[in-house]
Amino acid sequence: MASEAEVPLVSAQRICEWTVRITGLVILVIALSNLAMWWLPPLRFIATWPGIMIMRANTALGLLFSALSLLTWLRAPRTGPHRLRTLAMTFGVFVTILGGVSAFQDLAGLTLGFDEWFAPATFPEDQANRIVVAPGRMSLNAALSFFMLGLALIGLDWSLDIGRVRRVFAAPILAVLSALPACFALVGYLTGSSGFTGILRSTNVLLHVAVSLVLGAMGVLALRGDRQPIRRILSQGAGGTLLRWLLPGSTISLIVLAWLVGKGRSWGLVAPGEGTAFMLFGGLILLYALIVSASRALDVQELRARDAWSALREEERRNQSLLKTSLDAVILMSDDGAVMDWNVAAEHTFGWRRHEIMGRNLADCILPEPLRELHHQELKTYLDTGISKVIGHRLEMTALYRDGTEFPVEFSINAVTSADPPMFVIIIRDITTRKNAERALREAKEQAEKASQAKDDFLAALSHELRTPLTPVLLTAAELAHDPLVSDDVRNSLAMIERHVTLEARLIDDLLDLTRISRGKLHLKPEPCDVHEVVCHALGIIQDDAAAKSLTLSVNLTARASRQMGDPARLQQVFWNLLKNAVKFTPEGGTISVHSFQDHEANTLVIEVRDTGVGFPQERADQLFLPFEQEKTNGSHQFGGLGLGLAIAQAIVHLHGGTISARSPGLGQGSVFSVSLIAQDSISLIHDHPAEEKSLRPPTGQSLHILLVEDHEPTRLVLAQMLRRAGHQILTAESIQQGLELAQKSDSPLNLVISDLGLPDGSGLELMQRLKAQHLVPTGIALSGYGMEEDLRRSREAGFASHLVKPVKFEQLQQAIAALISE
């Protein structure tokens, strides 16, 4: 790692980039402008201007390739093979060849004609021709500078390791050497000493050539500003500050002093022997002044450094305090995976003391064997490419305690990109408690789901067991009620039995509907319907119960937009529940009124059911729609029921996109239940959704060959008897095996199978599948005490065309048979 004194300035990289851009562009402009005068004769008149000398064509080409190489290096990646790096080196090769061949000709005293390949040796207006040793050839000074500058551009990243710790790069040394002849020339031009403008045995270096070569050397140094000497010049420490003062200051001071001495000699103010004394004395004075100024700058820099150091120490103390009090393990890791720091929480988390783990490989100490190789590979990938699936992400994984015990952790690793070489901060949190809580919650949730499923299964089984014995009772009561020999009193009793069996079935349906609602599986079968007709049907159902309590029914259905897209059966269930509750909670002689109206502001159809019953406190209005919530008087359950009707009604209304609400002035003052449905255009409703009418009666005199499979003997006997009276041929069975045998031995083909689903040797679903597979029956009707959506779906998949839920009225069975015949 670099020492603090050599840390570059924040803006150093940007300074270097702009230096390369500016020097490259300036050299490019100088080279192109001179080449233009060689290659475009109309422009050569510029050479006639006083003081204008044109550099040789090969010199201009050398500068052109130097500029192109600098600008290409600026865009090329720093490492690895790349076409831009190759192109930049190629330009440098051209510079080296131009300088090397020209220097070889001068040193060997040869003329190879190389200088005239690119342009004529001279032209009449060429004022520089008089100082050229050989036609078209650059000076030896310039040739040597180009040769070393070209080598620097070719070997920008060449280096030599000295010992084990020091690496020396060739490019900065070559760049400085290439600038020396040009610097001598600049001093000569500034001081008026012509001897400095050409050294060795060469011709003078032109001023703009000297400037371009110095700029080229500066560009090479700036290309790698993170290396010496630029790194030290731009560093934040005292050394960098001193260099930034002394290097430009001393250079400018001596040049200005030399220029003044030269001018003084030309004006006769300085004798020939006095120049050296003036240079020495004046140089010392300027150097002392520069050192004093630099010392003041160092004092300011030192003061700022102390303030920054104090702030840094304070920040470090705060960070250390946070690290010590942090509940998370915070670890600092080097780029080779070694532990560089380890806080107190890390000691508690992993059991390693700080002094014990410092310098050890982190992955080998805290990761299980399968994860170690992944850690090493991801670290290497990140260092090579800057991309990783692990670094910069938060992961959950398994870690190791010192004794080898595994435990779950939350692991995040982030790179400190400002460090050189990069370091990594790792934050690890022990999530054993959280994982235990998650396991307990599990998703507990599994137990709750099992309990919920057990409840649903229990309700379904209870429904089946309650419905099955009701079927023969309902069928027998209906059959006897149509017997002309039965007296009116008995017929009334049979109607009462049928009504109460139907009520019992309705209570069972309510339980199943509540299960559907809780599982989000209560579905509608929408079709065009008239809400007023639905309300009237519900009124017809409760009319006898209302008459038995001498209740007055007032009906005023005046709303115009009463047609809706809805499920008429479910809407009837809503209004039947509301009317049934009104009858239940209204004392004898009371009044129940039903009316409808349009709420034009809300664009809704509203149906209200009012009663003069027991009422309720208004603060209990919302609780009435909770399952199993019942109104109690004096703490007693005197009205009966399960308290499911309003909860189911609310769910059905919400599925229709409507709302249901309750209000009451108080106990003993009656109540009002309002159902609001979105009003719809009855004309477009009828046009878009025409009602379909289907005949539900079988063709007169048509007899079917039916296989009836039912293990409940009373149901089987009654159903078989009623089907035979309806004119059908019936085979009866009580199990799957018996049903298959009868179907296989039947003298005539079967038209239909009517089967219970719960049979002693399997399911009626299996029976239907086997009958259809053997082409023994084309279709079937399922009878079951199970009526959930899943039960209906399985029936359809098995091949049943219809699924009737017990208790079944014979009219329902006839309608199902008629529907199959009509298809």
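Any read-out appearing in this document is the output of simple, stated calculations on the displayed coordinates, not a laboratory observation. It should be emphasised that the depicted structure is a prediction, and the values quoted were computed from it without experimental measurement. Cβ coordinates were reconstructed from backbone atoms using ideal geometry, including for glycine residues, and neighbour counts include every protein chain displayed.
Structural descriptor for the range 453-517: relative contact order 42 percent, calculated from alpha carbon pairs under 8 angstrom and at least 6 residues apart.
Amide H contacts under 5 Å for residue 668: 615, 616, restricted to partners 5 or more places along the chain or on a different chain, H placed in the peptide plane at 1.01 Å from N.
Taking each of 549/580; 455/806; 455/580 in turn, the alpha-carbon distance tops 23 angstrom for 455/580. The overall shape of the range 515-593 is oblate: from the C-alpha gyration tensor, with semi-axes ordered a ≥ b ≥ c, the ratio a/c is 1.5 or greater and a/b is no larger than b/c. Protection proxy ranking for 574-585, 136-147, 358-369, using the average of other Cβ atoms within 10 Å per residue and placing the highest first: 136-147, 574-585, 358-369. Please state the shape class of the range 705-822: rounded when a/c is under 1.5, otherwise prolate if a/b exceeds b/c and oblate if not, all from the C-alpha gyration tensor. Taking the square roots of the gyration eigenvalues as a ≥ b ≥ c, the range 705-822 is rounded. Evaluating 6.51 cos²θ - 1.76 cosθ + 1.60 at θ = phi - 60° for every residue in the range 547-559, the Karplus couplings come out as 5, 4, 9, 6, 8, 8, 9, 10, 10, 9, 9, 10, 4 Hz, glycine and proline recorded as x.
Summing Lys and Arg as +1 and Asp and Glu as -1 over all other residues whose Cβ lies under 14 Å from the Cβ of residue 714 gives a net charge of -3. Legend: Rg and Dmax of the range 326-441, from Cα coordinates, 13.9, 47 Å. Net charge of the neighbourhood of residue 652, taken over other residues with C-beta under 11 Å away and scored Lys/Arg +1, Asp/Glu -1, is 0. Residues whose amide H falls under 5 Å from that of residue 733, counting only those 5 or more places apart or on a different chain, are 708, 709, 710, with hydrogens built in the peptide plane.
With the Kirkwood sum run over all distinct C-alpha pairs, the range 1-141 has a hydrodynamic radius of 17.3 Å. Candidates 105, 225, 127 compared by Cα position along the dipole of the range 10-227: farthest toward the positive end lies 225, with charges placed on Cβ.
Using the alpha-carbon positions of the range 453-517, Rg (one decimal) and Dmax (whole number) come out as 15.0, 50 Å.
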